[in-house]
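The values are calculated or read from the model by the stated rules, or taken from the named source; none is laboratory data. All of these numbers come straight from a predicted model, not from anything done at the bench. Here the Cβ positions follow ideal geometry from the backbone for every residue, glycine too, while neighbour counts run over all protein chains shown. Heavy atoms of the whole protein, side chains included, go into the accessibility calculation; ligands, DNA and RNA do not. Shrake-Rupley method; radii C 1.70, N 1.55, O 1.52, S 1.80 Å.
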Amino acid sequence: MPITVGIDVLQKASEKNYAVGAFNFNNMETLQAILEAASELDAPVIVEASEGAVKYAGASMLFNMVQALASQISIPVVLHLDHGKDFSLIMTALRAGFTSVMIDASSFPFEENIRQTKRIVDIAHAMGVSVEAELGTLKGIEDSVSVDERNATLINPQQAVTFVSETGVDYLAPAVGTSHGAFKYKGESRIDYERLKEVKKLTKMPLVLHGASGVPESIVEKAERFGAQLKGAKGVSDEVLQEAVTCGINKVNTDTDLRIATVAAIREVLANHPQEIDPRKILGPARTAMKEVVKHRIGLLGSTGKA
Ligand code: G3H
Ligand code: 13P
Ligand code: ZN
């Protein structure tokens, strides 16, 4: 299929209460792992490139890889710019053919976030491209965090309504207690479900969960066995993630789990076969490991068979 526009996939997910997996990629092996897994599960999928990924691989390289692989399979594939902050880099992604972009102005005051988001929405919509924006600060919820502190960092549902109507954004990433990376929580993983449900009830739009990686213990243990240092790593449990989908999440971002699976597999090959110098023998097992991660993640979201 040709690359699909973001809102076409996420509107359906929002209406039918399931979530689409969104996976970060920088290279061919990761992209192949994501698309093979999604295709085998007959699930729509979003492949996303951060600004760092665009700088590393080039926007047109990323677009052409996705186009080449997507045209060989029959599931909807969306190409999304993750955490776009730089205006000219967002324009580069739009010109290259990305079908969804995120404008992340969440670190600015509310009015400035609205201004920057609306500017991108106006341009992207004129090109037929969907837009994601973020409200609140991504930060894990710990027992020690007071209600006042929570209100200061997490999304304000009333503000979300104003934000959506003033910007015309297509989907919204609410800060509800997750954070990026491998060290999300000191205690148990948790999300502010009530706040999330309120945002869904008031906006009725597709919602996005950032910092959603599960950081599975078995993969962390394997990486550590072969020398990685990940003491204290903790992610969002599968149960918490599924509850977040029930509460209205429709796009689930995963990067860290793919990274950990990659280093665990590469470290294993290099430790067991120190004479190996063929990159295909080193990166191939990483691709297989990432594919397993993607299948597991999609399996949690309810999008299997929804292509
Ligand atoms: O949200 C951040 C993603 O994990 C991308 O990370 O900016 O290092 O590519 P990156
Ligand atoms: P993780 O670090 O939990 O994988 O989150 C990725 C993400 O939100 C990308 O935007
Ligand atoms: Zn993110």
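Tabulated data for the structure shown
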| item | result |
| --- | --- |
| Residue within region 127-142 that is of a type in the set (Asp, Glu), open to solvent by 20 Å² or more (accessible area, probe 1.4 Å) and within 30 Å of residue 231 (Cα to Cα) present | yes |
| Near pairs, Cβ below 9 angstrom, 6+ apart or cross-chain, from region 280-297 (open to solvent by 20 Å² or more (accessible area, probe 1.4 Å)) to any residue that is assigned to a helix (DSSP H, G or I) and among the polar types (S, T, N, Q) | 283/262; 287/30; 287/32; 287/262; 289/262; 291/32 |
| Residues of region 74-94 satisfying the condition of being within 14 Å of ligand 2 (Cβ to nearest atom) and of a type outside the set (A, V, I, L, M, F, W, C) | 80, 82, 83, 84, 85 |
| Those residues of region 231-264 which are more than 18 Å from residue 138 (Cα to Cα) and open to solvent by 30 Å² or more (accessible area, probe 1.4 Å), in sequence order | 231, 232, 238, 239, 242, 243, 246, 259, 262, 263 |
| Counted residues, region 140-169 - those being at pLDDT 95 or above, under 22 Å from the mean Cα position of the chain (by Cα) and assigned to a helix (DSSP H, G or I) | 5 |
| Residues of region 9-43 satisfying the condition of being closer than 14 Å to residue 245 by Cα, assigned to a helix (DSSP H, G or I) and open to solvent by less than 10 Å² (accessible area, probe 1.4 Å) | 10, 13 |
| Search result, residues across region 265-275 that are farther than 30 Å from residue 20 by Cβ and open to solvent by less than 50 Å² (accessible area, probe 1.4 Å) | 269 |
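For (1) more than 17 Å from residue 240 (Cβ to Cβ); (2) in contact with a strand residue (DSSP E or B) (Cβ under 6 Å, 6 or more places away or on another chain); (3) more than 16 Å from ligand 3 (Cβ to nearest atom); (4) open to solvent by less than 10 Å² (accessible area, probe 1.4 Å), each residue gets a yes or a no:
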{"residue": "112", "(1), (2), (3), (4)": "yes, no, yes, no"}
{"residue": "145", "(1), (2), (3), (4)": "no, no, yes, no"}
{"residue": "179", "(1), (2), (3), (4)": "no, no, no, no"}
{"residue": "186", "(1), (2), (3), (4)": "no, no, yes, no"}
{"residue": "193", "(1), (2), (3), (4)": "no, no, yes, no"}
